[in-house]
1. Among the numbered criteria (1) touching a strand residue (DSSP E or B) at 6+ places or on another chain (Cβ under 8 Å); (2) open to solvent by 10 Å² or more (accessible area, probe 1.4 Å); (3) away from the ligand (no atom under 15 Å from the Cβ), which single criterion is violated by ASP86?
2. Is it the case that ASN105 is open to solvent by less than 70 Å² (accessible area, probe 1.4 Å) and of a type in the set (S, T, N, Q)?
3. Where residues in region 61-76 are touching a strand residue (DSSP E or B) at 6+ places or on another chain (Cβ under 6 Å) and outside any strand (DSSP E or B), which of them is surrounded by the most Cβ atoms within 10 Å (Cβ to Cβ)?
4. Scan region 134-148 and give yes if some residue there is under 14 Å from ILE85 (Cβ atoms) and within 13 Å of the ligand (Cβ to nearest atom), otherwise no.
5. Is one or more of the residues making up region 18-32 in contact with a Phe, Trp or Tyr (Cβ under 8 Å, 6 or more places away or on another chain) and within 16 Å of the ligand (Cβ to nearest atom)?
6. Give the residues of region 185-202 that are within 9 Å of the ligand (Cβ to nearest atom) and of a type in the set (S, T, N, Q), sorted by residue number.
7. Out of the residues in region 156-172 that are surrounded by 17 or more Cβ atoms within 10 Å (Cβ to Cβ) and outside any helix (DSSP H, G or I), which is nearest to the ligand (Cβ to nearest atom)?
Amino acid sequence: MQKIGIIGAMEIEVERLKADMTVRREITKARMVFCEGELSGMPVVVVRSGIGKVNAAVCAQILTDEFGADCIMNTGVAGSLDARIDIGDIVISKDVLHHDMDAVNFGYPLGQIPQMEVFSFEADAALASLAEEVCREVNPDIAVYHGRIASGDQFIADKAAKERIISCFGGSCTEMEGAAIAQTSYLNGIPFVILRAISDKADDSASMDYPAFEREAAQHCVRLVEGLLARLAKKQ
Ligand code: ADE
């Protein structure tokens, strides 16, 4: 891996990374500020995409085309879909799908993108497994899970919406960008991994928990991203 694109949807998810990196240049494209430089010994481009799948897909494509990123990491927070996965814990993607893709009346299973050969997008297995190992080292006080991430253009904050996602797709957590980044990476043939810290339980308590825990959760992801980059740098 020569250059890692690192996407966070919100400033809180990238501000620490930007503060810790050596910035060589900053370029604005599609209203997003791409910070290129080095972080933990690896060449990186760190960017805040904005929230939602369209922003995330545009951002991932620019990282690939304009900056030559050959690997994409997405860092941020998410709502838990599994009672065992608690606020503060980390979920590393095994596969990622769109929980709001619905072409059922067009003859496709719920979640399936019509005429696409895969149902979900598989994260890079070696990167995910390294991330899991690094996470146990740098965040010893929290649990780390490797599982399915369900993305949609919805902040999930009620029990019924959460149960619908779980019954249709299973999954470890839900958020609003991962599947778009995964799909863009898949289309470009680039390895990716989604790293998410749990900020809420995606149920009726989510609107209250999210603001209380997002900063602390985002910090767990920062430690993971920086640790993972350091390990990748050692392997170079
Ligand atoms: N990001 C963090 N929590 C979330 C939730 N409950 N739904 C969607 N995205 C989220």
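1. (3)
2. Numbers: open to solvent by less than 70 Å² (accessible area, probe 1.4 Å): no; of a type in the set (S, T, N, Q): yes.
So ASN105 fails the test.
3. First pass over region 61-76, keeping only residues touching a strand residue (DSSP E or B) at 6+ places or on another chain (Cβ under 6 Å): 62-63, 67, 69, 71-76.
Applying the additional criterion that residues be outside any strand (DSSP E or B) yields 62-63, 67, 69.
Working: ILE62: 21, LEU63: 32, PHE67: 19, ALA69: 29.
Looking at residues that are touching a strand residue (DSSP E or B) at 6+ places or on another chain (Cβ under 6 Å) and outside any strand (DSSP E or B), I get LEU63.
4. Checked against the condition, which is being under 14 Å from ILE85 (Cβ atoms) and within 13 Å of the ligand (Cβ to nearest atom), region 134-148 yields no hits at all.
5. If we filter region 18-32 for residues that are in contact with a Phe, Trp or Tyr (Cβ under 8 Å, 6 or more places away or on another chain), which is where we start, we get 26-28.
Those still in the list that are within 16 Å of the ligand (Cβ to nearest atom) too: none.
Checked region 18-32: no residue is in contact with a Phe, Trp or Tyr (Cβ under 8 Å, 6 or more places away or on another chain) and within 16 Å of the ligand (Cβ to nearest atom).
6. Listed by number, the list holds a single entry, SER199.
7. Going through the qualifying residues, I end up with ILE156.
Condition check ((1) in a helix (DSSP H, G or I); (2) closer than 29 Å to SER172 by Cα) across all residues:
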{"site": "GLY5", "(1), (2)": "no, yes"}
{"site": "ARG25", "(1), (2)": "no, no"}
{"site": "VAL58", "(1), (2)": "yes, yes"}
{"site": "ALA78", "(1), (2)": "no, yes"}
{"site": "ASP82", "(1), (2)": "no, yes"}
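The values are calculated or read from the model by the stated rules, or taken from the named source; none is laboratory data. This one's a predicted model, so the numbers in the text were calculated from it and none came from an experiment. Cβ: placed from backbone, ideal geometry, glycine included. Neighbour counts: every protein chain shown. Ligands, DNA and RNA are excluded from the accessible area calculation, which covers all protein heavy atoms including side chains. Shrake-Rupley method; radii C 1.70, N 1.55, O 1.52, S 1.80 Å.
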